[in-house]
């Protein structure tokens, strides 16, 4: 099973994230959990989240980039759900070998992510925080799907983007069917 | 005025953060705001935070490193308080020229922050998220005070660390007194 953790505080304001969500919502083999819908008060049900993770062979983190990383509720999810003795440290092997796909939408376009640009550095400079969070739990990092220029993207691009995302998840589901997912499934 | 934004969800469990807090709490010229004390329910008073920032010439972000960056409540503070038209974008000049000092405590020691180490990369790989948040608002980034090995640090080191922090803030207060603070003070 592929677990899609979606974290968008204002989905109505985000065309890109909405298009991504629409493109995959009816795919078989997924469990989709929308954190801001489930926990508007930031009270995360740690047990429910850990059980969902245990069912998964692949974990998707799908969110807009806010201040160069994950939105606050997904950050809280990392802190509350990825506990020592479960996700890392002695006995903490729940996520070892599971695959992690990062799907991030960024408002700025490529030219803003460089030295002298609005965001001062290439987008890659902001990746280690998320990538190492996955790695610390022993997850296998897949090639991320990063969408830049999400503010300006037009309808045709949006639909192409949704299709790419859907195709990517479909492949991952198919690999799981062939037993290539890894993890403990 | 120097505004110290402290963000530690479990101050009782953190010897390093507690020592840092103790070392500066009685210094003149500071305003200290402890986010987890002020907002245990994550309901940030945006107006109060923005007014505190407007009074400051230097802003300190003091927190432990959780999952390679700021704890969730400080992340939420970035998202809620640093609003467009106030902190960035057209008309968003409230923080321009103010100094920003990052004071971070990390559990791992230096040897864990490298390729092949427990954290996979040097600590510097995780700095851009925070540094660029300050830069995007036009703040001037000061040399950060980063404490690694915070789990293992002994009492003598702790007290030396507190003294360094206190000295650093005392210098910044003195510079403000001489009109070197910058910002709009």
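Please work out which residue is nearest to the other protein chains (Cβ to nearest Cβ), limiting yourself to segment B:51-73 and to residues that are touching a helix residue (DSSP H, G or I) at 6+ places or on another chain (Cβ under 6 Å) and closer than 21 Å to residue B:86 by Cα.
Applying the filter and picking the extreme gives B:73.
Just name the residue that is surrounded by the most Cβ atoms within 10 Å (Cβ to Cβ) out of those in segment B:6-48 that are within 14 Å of another protein chain (Cβ to nearest Cβ) and within 20 Å of residue B:87 (Cβ to Cβ).
Going through the qualifying residues, I end up with B:7.
Considering only segment B:1-95, give the helices (runs of 4 or more DSSP H) lying wholly within it that have at least 1 residues that are modelled with pLDDT under 95. Quick ask: steps written out before the conclusion?
Working: elements: B:15-24, B:35-38, B:46-55, B:72-81.
In segment B:1-95, B:15-24 are the helices (runs of 4 or more DSSP H) which contain 1 or more residues that are modelled with pLDDT under 95.
Here's a check for you: in segment B:74-90, which residue that is more than 8 Å from every other protein chain (Cβ to nearest Cβ) and within 12 Å of residue A:72 (Cβ to Cβ) is farthest from the chain's Cα centre (by Cα)?
Here is the first cut: in segment B:74-90, the ones more than 8 Å from every other protein chain (Cβ to nearest Cβ) are B:74, B:77, B:80-81, B:83-90.
Going one step further and asking which of them are within 12 Å of residue A:72 (Cβ to Cβ), we end up with B:74, B:77, B:80-81.
Numbers: B:74: 9, B:77: 12, B:80: 17, B:81: 15 Å.
Per the criteria, the residue is B:80.
Just give me the residues in segment B:149-184 being touching a strand residue (DSSP E or B) at 6+ places or on another chain (Cβ under 8 Å) and in contact (Cβ under 8 Å) with a residue 40 or more places away in the chain, in sequence order.
Within segment B:149-184, B:150, B:153, B:161, B:165, B:168, B:169, B:172, B:173, B:176, B:181, B:182, B:183 meet the criteria.
For segment A:143-157, enumerate the residues that are on the phi < 0 side of the Ramachandran plot and assigned to a loop (DSSP other than H, G, I, E, B).
A:143, A:144, A:148, A:150, A:151, A:152, A:153, A:154
With the checklist (1) over 15 Å from residue B:57 (Cβ atoms); (2) within 17 Å of the chain's Cα centre (by Cα); (3) outside any loop (DSSP other than H, G, I, E, B) in hand, flag the one item residue B:160 doesn't pass.
Result: residue B:160 passes all but (2).
Checking the condition in contact (Cβ under 8 Å) with a residue 24 or more places away in the chain, closer than 30 Å to residue A:139 by Cα and under 15 Å from the mean Cα position of the chain (by Cα), which residue from B:52, B:56, B:104 passes? Reasoning before the result, please.
Numbers: B:52 fails: closer than 30 Å to residue A:139 by Cα; B:56 fails: closer than 30 Å to residue A:139 by Cα.
When all the criteria are applied, what remains is B:104.
Being assigned to a loop (DSSP other than H, G, I, E, B) and either within 14 Å of chain B (Cβ to nearest Cβ) or free of Cβ contacts under 8 Å to residues at least 24 places away in the same chain (or both) is the filter here; which residues of segment A:118-142 pass it?
Going residue by residue through segment A:118-142, those that are assigned to a loop (DSSP other than H, G, I, E, B) are A:118-122, A:127, A:137-139, A:142.
Scanning segment A:118-142 gives A:118, A:119, A:120, A:121, A:122, A:127, A:137, A:138, A:139.
The values are calculated or read from the model by the stated rules, or taken from the named source; none is laboratory data. Not measured: the values here are computed from a predicted model. Cβ atoms come from the backbone with ideal geometry, glycine included; neighbour counts cover every protein chain shown.
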